Each structure stands twice: as structure tokens, then as C-alpha cells.
Amino acid sequence: MDDNDRLRALHDAHADDLVAYVTRRTASPDDAADVIAETFLVAWRRLDDVPPGHEARLWLFGVARRQLANSRRSTRRRTRLLGRLTDQLGPALAAAPPGSPPDSPVIEAISRLPERDREVLYLIAWEQLSSAEAAVVLGVSPDAARTRLHRARKRLEAELDIPASTPALEGTR
């Protein structure tokens, strides 16, 4: 029997018991699925350590128990981090971007653009990065960043129904 067959047999023999064990100890089906997947990933990586017969079931329960603990620790860390970020960033997120009230037509038009366009516009306008600096943040070449910026500006002009020859937007190029 090869490793794939061994893991499949292990899964077939014990998955239902593990699902019951884990779902009784998690808050959501998604959390349970993650823990079960991680448990079988450990089993795959350590297939030679899995004992034979009934002992395999107990071994998997032990792995699942540790995965549950890891999941809980991760959730607690994430919750604490979210709390700290909320405290630190709350006032900044509540404030309007410099020079643009949240209900301005420009902000509304930008919000209708695809995420890719919004990001390049935000990096250039709000973060005051050059197109070369934005390229680094976006993980693209400087030429690609300039192209994205050009296209995003064209789409923004269309959203705002501004003729392409309007001096205000040309001056920002």
C-alpha cells in the first residue's frame, strides 16, 4: 500500500469521528473544516509516525486537539491585534482624506472604480507616492504602474463625465 492509499484509508476510517470531535469544539463549520484539514495535513507529513489500527484514531484525536489549540491561539491573537489596530487606526479611518470630504463626487466616482484602479489612484493622490514608488508597492514595473495610473485616470474621467482635455486633470499627469 502506497502513502496515498494509507492516507485515504486513514481518512476513510476516522474522518467521521474527527468531524464529530472537532465540530463539538469549534464555533463554526469553517473553523472545523480548517482544523480537520490541518489534522490530515499533519498526518500526511508524518505518515510514518501514525500508529496502526485503533491507535491511529487516538493519534489523530491528539493531533486534532493540538490543531484546535493552535486555532484558538490564532483567534485570540487576531482579536487582540484587531483591537489594537482599531484603537490606533479608528480616528484616522474616521477622518476624511485630506482635501476630499467623504461625500464628494470624486470620492463617489473613485468608489465605483475597480479595486486595481482605486489602489493606484490612492497611492499617487493620497499617499503622494511617485509612479515609481507606487510600482514598488504594487509589485509591478514602473512602466506598468504608469500604464495603470493612466488607465485609472481615464476611467475616473469617464466616471466624472469630464472631457479628456480638462486642464485640471491634465496637470496631474
Any residue on another chain or 5+ positions along whose placed amide H is under 5 Å from the amide H of LEU129 is listed here as ILE124
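Quick one: pull the percent of accessible area on the chain belonging to carbon and sulfur, 1.4 Å probe, ligands and nucleic acids left out. Don't skip to the answer; put the middle values down first.
Values: 6180 of 11440 Å².
Within the chain, the accessible surface is 54 percent carbon and sulfur.
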Ordered by packing density, taken as the mean number of other Cβ atoms within 10 Å over each peptide's residues, highest first, how do 142-155, 68-81, 24-37 rank?
142-155, 24-37, 68-81
Exposure of LEU113 as accessible area (Å², to 10), given a probe of 1.4 Å and all protein chains:
10
Just to confirm, what accessible area per residue do you get for the chain at 1.4 Å probe, in whole Å²?
66
Which entry is the computed Kirkwood radius over Cα pairs in Å for this structure: (1) 18.2; (2) 17.6; (3) 20.9?
(3)
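For LEU68, what is the net charge nearby, where nearby means another residue's Cβ is under 12 Å from its Cβ and Lys, Arg count +1, Asp, Glu -1? Could you put the intermediate results ahead of the total?
Values: positive: ARG24, ARG25, ARG65, ARG66, ARG72, ARG73; negative: ASP31, ASP34, GLU38.
Summing Lys/Arg as +1 and Asp/Glu as -1 gives +3.
The values are calculated or read from the model by the stated rules, or taken from the named source; none is laboratory data. This one's a predicted model, so the numbers in the text were calculated from it and none came from an experiment. Here the Cβ is made from the backbone with ideal geometry for all residues, glycine too, and neighbour counts use every protein chain on show. Note: accessible area is taken over every heavy atom of the protein model, side chains too, but ligands, DNA and RNA are not part of it. Shrake-Rupley method; radii C 1.70, N 1.55, O 1.52, S 1.80 Å.
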